[in-house]
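The values are calculated or read from the model by the stated rules, or taken from the named source; none is laboratory data. No experiment lies behind these values; they were computed from the predicted model shown. Note that we place each Cβ from the backbone using ideal geometry, even for glycine, and neighbour counts take in every protein chain shown. Only protein heavy atoms, including side chains, enter the accessible area calculation; ligands, DNA and RNA are left aside. Shrake-Rupley method; radii C 1.70, N 1.55, O 1.52, S 1.80 Å.
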Amino acid sequence: MATFILAIETSCDETSAAVIGDGKILSNVVSTQADHSKYGGVIPELASREHLKNILPVVKQALEEAKIIKSNLSAIAYTQGPGLIGALLVGSTFAQALSLALGIPSIGIDHMKAHVLAHFIRPPVPDYPFLCLTVSGGHTQLLRVDSPEQMLVLGTTQDDAVGESFDKIGKMLGLPYPGGPVLDRLGRGGDPHRFKFPMANMPGLDFSFSGVKTAVKYFLNKEIKANPSFVSENLADLCASVQFCLVETLMIKLQQAIAETGIRTVAIAGGVSANSGLRAALNSLQETGFCTSYIPELEYCTDNAAMVAMAAWFRYQSGSFTSLEELPYARQTHR
Ligand code: KG4
Ligand code: ZN
């Protein structure tokens, strides 16, 4: 009899459920909340309410697609944090109640580790140790990954996350939320070297993105004063130039991390790993023979429960379960 685990992800604005059977993903249902778009960002209270509405149908569909029923499950996994606390509470309470009702263990998963472990869903999988640039809407981390549980943060952002920067600059350019994917699409065919924006040079392997945001803001204000149609007339070049600056900032630190650690196996993870510029830059780095790179399939870049299920499969095998008293956490406290 196979071991089936149901995993639930509700850390932000995606309600997602997946089933893993003996280490193989059998279903991955993702329901993206559309309502936030008109507000230009995720409204936490709205996200929690939407999760409450979506969670049951999403879980039902995940079980159906995996062709199993509740009584086949061996454990229930959920995203414990980091994320929006109200949103996390919906998924964690649901998962813990279900595990209690079924008399099976629950497994609380760290969202950032799950992004990294998405690389183990399908071959080729990276060998340990490897470096992972984990880039999402809320985080920007350079990690040394030694095992599914052991990940050392080598560098992190001191202010905005890179996904957040894509989104905030997208907003300045009048793009809908989330700006990252739209900016990526509109920048194709644009000239990435037309406009130059400053790249912060932080000590060590840390990042900073708030300077780029401010520089773009002042630049746009000045240009729009001279020509009110500046943005629409130069949109492709603006998007390409912003993307180049953000991606280059990430790549400089990644190359520095390779040089400092001597680890030549590198991966990217998280929502921003869907970015075409970042994916191309990592491919080029591999072509120079500098490293072997691992780029996740698009389905597993942005938030999804399959990555939570994958992380839970490792935890299940090591017998590391989460007590019902444990609470979700909004922030990662360790470095
Ligand atoms: O991992 P994720 O789905 O959620 C968080 O854990 O935050 O990441 C969402 C972030 C958003 O900031 C979104 O704009 C960004 O990932 N993103 C992209 C692209 N696709 C998603 N940024 C740049 N280019 C993309 N193609
Ligand atoms: Zn995420």
| field | Residue, farthest from ligand 2 (Cβ to nearest atom), within the range 185-215, restricted to residues that are over 20 Å from residue 253 (Cβ atoms) and crowded, with 18+ Cβ neighbours inside 10 Å | value | 195
| message | Any residue in the range 165-186 that is polar (S, T, N, Q) sitting within a Cβ distance under 7 Å of a residue that is modelled with pLDDT of 95 or more? List the pairs, counting only those 6 or more apart or interchain. | response | 165/209; 165/212; 165/213; 165/246
| request: Among the numbered conditions (1) within 16 Å of ligand 2 (Cβ to nearest atom); (2) farther than 22 Å from residue 182 by Cα; (3) open to solvent by 20 Å² or more (accessible area, probe 1.4 Å), tell me where residue 259 comes up short. | output: (1)
| Which condition breaks for residue 280 when tested against (1) open to solvent by less than 60 Å² (accessible area, probe 1.4 Å); (2) in contact (Cβ under 8 Å) with a residue 12 or more places away in the chain; (3) at negative phi? | (2)
| query | Looking at the range 229-288, which of its residues are within 12 Å of ligand 1 (Cβ to nearest atom) and of a type in the set (Lys, Arg)? | reply | 279
| query | Within the group 225, 217, 213, which residue is under 22 Å from the mean Cα position of the chain (by Cα) and farther than 18 Å from residue 143 by Cα? | reply | 213
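Check the range 225-234 and report whether any residue there is assigned by TED's automatic domain parsing to the domain that holds residue 279, assigned to a helix (DSSP H, G or I), among the hydrophobic types (A, V, I, L, M, F, W, C) and exposed (fewer than 15 other Cβ atoms within 10 Å of the Cβ).
Of all residues in the range 225-234, those assigned by TED's automatic domain parsing to the domain that holds residue 279 come to 225-234.
Among the residues that remain, those that are also assigned to a helix (DSSP H, G or I) are: 225-226, 230-233.
Checking the rest, the ones that are also among the hydrophobic types (A, V, I, L, M, F, W, C) come to 226, 230-231.
Next cut, exposed (fewer than 15 other Cβ atoms within 10 Å of the Cβ) only: 226.
Scanning the range 225-234, I find at least one residue that is assigned by TED's automatic domain parsing to the domain that holds residue 279, assigned to a helix (DSSP H, G or I), among the hydrophobic types (A, V, I, L, M, F, W, C) and exposed (fewer than 15 other Cβ atoms within 10 Å of the Cβ), so the answer is yes.
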| residue 299 fails exactly one of the following numbered conditions: (1) away from ligand 2 (no atom under 16 Å from the Cβ); (2) modelled with pLDDT of 95 or more; (3) open to solvent by 10 Å² or more (accessible area, probe 1.4 Å). What is the number of that condition? | (1)
| note | Screening 50, 45 for residues that are open to solvent by less than 40 Å² (accessible area, probe 1.4 Å) and over 28 Å from residue 120 (Cβ atoms) leaves only 50
